[in-house]
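What follows is a short report on a single structure.
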Amino acid sequence: MEDEPFDRELLKGSIGLLILRLLSSRDMYGYEIILEASRRSDDVFRFKEGTLYPALHHLERQGYLRSYWQTGQNNRRRKYYGLTASGRRLAERRHREWLHFTRAINAVLAEES
Amino acid sequence: MTGPNPLVAKVLAQAHLARACHRDEVAEELAGHLQDLADDARARGLGDEDEIARITAARFGDPDLVGRAFSRVYRRDRLLIATAALAGLALASVILMWALVFVVQAWASASLGFVPTQSMSPEHLDREALLLGALTLGYLGMFVCSRFTARHQQFRAIAVTTLAALPFIGGLALWRPVPAMLVAAALGAAAVVWALECCRPSAIVRLGGLVAFFWVAGGLAHTRMAAGGDVWLTVLPTCAAIALACHCTMALAHFFDRRLLAPRAV
C-alpha cells in the first residue's frame, strides 16, 4: 500500500499477535482473516496478503495453530485455522504483553506532549 | 482457473518445499486465496480480467518474498531430508564398497588357488572393512563439506574433514593404535580421491587415476609386508575394485545432490 498510515515494519512485527487474536474468536481461513483484520481496523490493516500464509504455517508448525480443510460455498475447499490450547495461552500472553507495552509507550508519549 | 496460477508457481519456485504434500497444500491454499480476491473484484463490478489480475497481484505482494518466507518456515524439513539422504548415501556407499571389494578379493584368491575362507581371515576382513569404511566416509565427508560450506574451495574440505576426524583417530589411537593408523591412512587416501575428483577430469581419466593410485599404495604396502615379485599383480584386482567403488559411490553422491538436495535448495 502506498498510502500506509504507519511503518510497515510495525505491522510485520505484530502479525503473529493479530493472527492469534483474530483466531481467538473463531476458526477462519486465510482470506477471512484478512477481511476480518481489515474490518476491525477500519481498513488500516491492509497488508500484502501473501505474507499472511507463511506466518500461518509458521504458527501451525510451532503448534500454536491447527488446521483442517472444509468445503464451503461454491464447492470450494478452504483451509481453516484455529488455535490450539498452547496457541490460546500464547494469544493471551502476547495480548497482555502488548497492552503493557502500549501503555508504557503511551505514558511516555503523553508526558512528552 | 486453468493450470497453476503464475503467482502460485512463483511462490512454489522459491519455497523449495521438500514434501509433495506441503507443495500441494500451499498451492491449493494460495490458489483459493487468489480466486477469492478475483471474485471480490468481480463483485465490486470489475469486468476486465487483466485489471483483475493486476489488482490481485498487487494485493498479494511479491511472490518471491512470499516463497522465501515459506522456505524459511519449512527449512527444518529440508535439513531432515538432507540428513536422512546423506546418512543413506553413506550407508549405501560403504556397503557398495565392501561388497565390491570383498567379492573381487574372494574371486582373486580363488583364482590363485587359495580357499577364500582361509585366505580372508576374520582379522583381515575386520581391518579391510575398517580401512574401506573410513576411506568411503572420508571422501564423502569431504564432498559434504565442500557442498555445504565453500562450494568453490573444495580443498578446504580436506582440512575440515581431517580436523573433524582427528579427535576420533586420537581417541582410537589411545585404545587400539593399529586401527587408528588404518583410519589415518584411509583418510589420506580419501584426500587423494577427493583431490582427483576436484580436478574434474573425464570419467575414464579419473578412474584410471584412482586405479593407479590404489595400485601404487596397495603394492607398496604389500611389498613391505611380504616380499615377492607377484605381489603387484596380486593386489591389482582389489585395487581396481576399490577404485571402481570410489568412482561409483562418488557418482552416487553427485546423483543424490542433483536429484534430491539441489532441487530442494538444501
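The angle between the Cα long axis of helix A:30-40 and the main principal axis of chain A comes to about 40°, on a 0 to 90 degree scale.
Kirkwood hydrodynamic radius computed over the stretch B:6-73 comes to 12.5 Å, based on all pairs of distinct alpha carbons. The angle between the Cα long axis of helix B:231-256 and the longest principal axis of the Cα atoms of chain B comes to about 10 degrees, rounded to the nearest 10. Across chain B, counting alpha-carbon atoms alone, Rg and Dmax equal 26.8, 95 Å. The dipole here belongs to the stretch B:6-73: it is taken about the Cα centre, uses +1 on the Cβ of Lys and Arg and -1 on the Cβ of Asp and Glu, and is about 360 debye.
Putting +1 on Lys and Arg Cβ atoms and -1 on Asp and Glu Cβ atoms, find which of B:Gly45, B:Gln14, B:Ala27 reaches farthest to the positive end of the dipole of the stretch B:6-73. In the stretch B:6-73, that residue is B:Gln14. Simple rule: put +1 on each Lys or Arg Cβ and -1 on each Asp or Glu Cβ in the protein assembly as shown, find the dipole, and look at B:Pro179, B:Ala189, B:Val160; the Cα lying farthest toward the positive end is B:Pro179. Given axes a ≥ b ≥ c from the Cα gyration tensor, I'd like to know whether the stretch B:104-204 is rounded (a/c under 1.5), prolate (a/b larger than b/c) or oblate. Judged from the Cα gyration tensor, the stretch B:104-204 comes out oblate (a/c at least 1.5, b/c at or above a/b). Exposure proxy for B:Phe213, B:Phe70: other Cβ atoms within 10 Å of each Cβ, ordered fewest to most, give B:Phe213, B:Phe70. Against the main long axis of the alpha-carbon atoms of chain B, helix B:20-43 sits at an angle near 10°. Centre-to-centre, using Cα atoms only, the stretch B:190-254 and the stretch A:82-111 are separated by 66 Å. Rg/Rh for the protein assembly as shown (Cα atoms only, Rh after Kirkwood) is 1.19.
With both labels modelled 7 Å from their Cα along Cα-to-Cβ, the B:Ala159 to A:Arg93 distance reads 4.4 nm.
Stokes-Einstein diffusion for the stretch B:51-141 at 37 °C, viscosity 0.692 mPa s, with a Kirkwood radius from C-alpha pairs, works out to 186 µm²/s. Taken residue by residue and averaged, Cβ atoms of other chains lying within 10 Å of the Cβ of B:206-219 number 0.
Working from label points 7 Å from Cα in the Cα-to-Cβ sense, the A:Leu35 to B:Ala9 distance is 2.9 nm. Computed from backbone phi, the HN-Hα couplings of the stretch A:96-101 come to 4, 4, 5, 4, 4, 5 Hz, rounded to whole numbers (Karplus: 6.51 cos²θ - 1.76 cosθ + 1.60, θ = phi - 60°; Gly and Pro given as x). Taking 7 Å steps out from each Cα toward its Cβ at A:Thr71 and A:Ser86 produces label points 3.4 nm apart. The charge dipole of the protein assembly as shown, taken about the Cα centre with unit charges on the Cβ atoms of Lys, Arg (+1) and Asp, Glu (-1), comes to about 760 debye, rounded to the nearest 20.
One way to sum up the overall shape of the stretch B:168-264 is the equivalent ellipsoid from its Cα gyration tensor, whose semi-axes run 28, 21, 10 Å, largest first. Based on alpha carbons, the Rg and Dmax found for chain A are 15.6, 56 Å.
Ranked by Cβ crowding within 10 angstrom, fewest neighbours first, how are B:Glu28, B:Glu51 ordered?
Least to most surrounded, the residues fall as B:Glu51, B:Glu28.
In what order do B:Tyr74, A:Tyr80 fall by count of nearby beta-carbon atoms within 10 Å, going from fewest to most?
In increasing order of surrounding Cβ atoms, one gets A:Tyr80, B:Tyr74.
Here the gap between B:Ala84 and B:Phe114, fully extended at 0.36 nm per residue and compared with their Cα-Cα distance, gives a gain of 6.7 nm.
Overall, chain B carries a charge dipole of about 780 debye about its Cα centre when +1 sits on the Cβ of Lys and Arg and -1 on the Cβ of Asp and Glu, all other atoms neutral. Using alpha carbon centroids, what distance separates the stretch B:25-81 and the stretch A:27-70, in Å? Taking the Cα centre of each part, the stretch B:25-81 and the stretch A:27-70 sit 13 Å apart.
No value in this document is a laboratory result; all are computed from the given coordinates. All figures in this text were calculated on a predicted structure; none of them were measured in a lab. In this analysis, Cβ positions are derived from the backbone assuming ideal geometry, glycine residues included, and neighbour counts consider all displayed protein chains.
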